[in-house]
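To start, the structure under review is shown below, and the notes come after it.
The values are calculated or read from the model by the stated rules, or taken from the named source; none is laboratory data. Only a predicted model underlies this, so the values are computations on that prediction, with no experimental measurement involved. Because the Cβ atoms are built from the backbone with ideal geometry, glycine has one as well, and the counts that use them run over all protein chains shown. With ligands, DNA and RNA removed, areas are computed over all heavy atoms of the protein, side chains included. Shrake-Rupley method; radii C 1.70, N 1.55, O 1.52, S 1.80 Å.
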Amino acid sequence: MTTQALIKLFADGTIIPIVLLAGYALLFLVPKGHRFESYARILMAGLTAYLLAKLLGSVYQPSGERPFEVLGVAPGASYLNNPGFPSDHALFTAFLTFAVWFETRRRGIATAMAILTVLLCIGRVLALVHTPLDVTGGILVAAVGALWYLQGDKILATTTTRKKHKSLVQ
């Protein structure tokens, strides 16, 4: 496999296992009694991150051109026709990784997704469709959206405390 094919695989192909892992984890590993609340938090986190990304992209663009355009070469991966900050690929995969971690607490799956997300981000930079700032921005915006999951931790802590108190009283 050539270097360019490997870069393209990382930049474009790693999104597939990330989506498949997230789909499996979020459909089958979220506790049954908490699915509605979990899916509502995931929706709000995603919408918050996406809206913030679009607002940031409309007011701040570090460069009007992508790296491959500046260098006058062909892009090494697929891309949307926009300046590129923040990276939609990094945002989406980080968002899914945060969702799986906070809603399932499955360390193995979340770690695998985080590694794949890092490989995707490195691939996007090596493919010259993003700068390191673009992919870092995407991950940070996803992290801001992930603040919604703190609400779930508070609810879970309150529920656990009530159950422990109830069992002590009885």
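What to note about this one:
- Solvent accessible area, Å² - residue 60, 1.4 Å probe, full protein context: 100 Å²
- Computed over segment 1-151: relative contact order in percent, which uses C-alpha pairs under 8 Å that are six or more apart: 41 percent
- A straight line joining the Cα centroids of segment 93-133 and segment 35-54 runs 17 Å.
- For the peptides 132-144, 108-120, the ranking by packing is 132-144, 108-120, with the highest mean count of neighbouring Cβ atoms within 10 Å listed first.
- The radius of gyration of the Cα set in segment 15-127, together with its Dmax, comes out at 16.0, 54 angstrom.
- Separation in nanometres of the label points that stand 7 Å from Cα toward Cβ, at residue 59 and residue 19: 3.1 nm
- Using distinct alpha-carbon pairs, which all enter the 1/r mean, Kirkwood radius of segment 30-71 in Å: 13.0 Å
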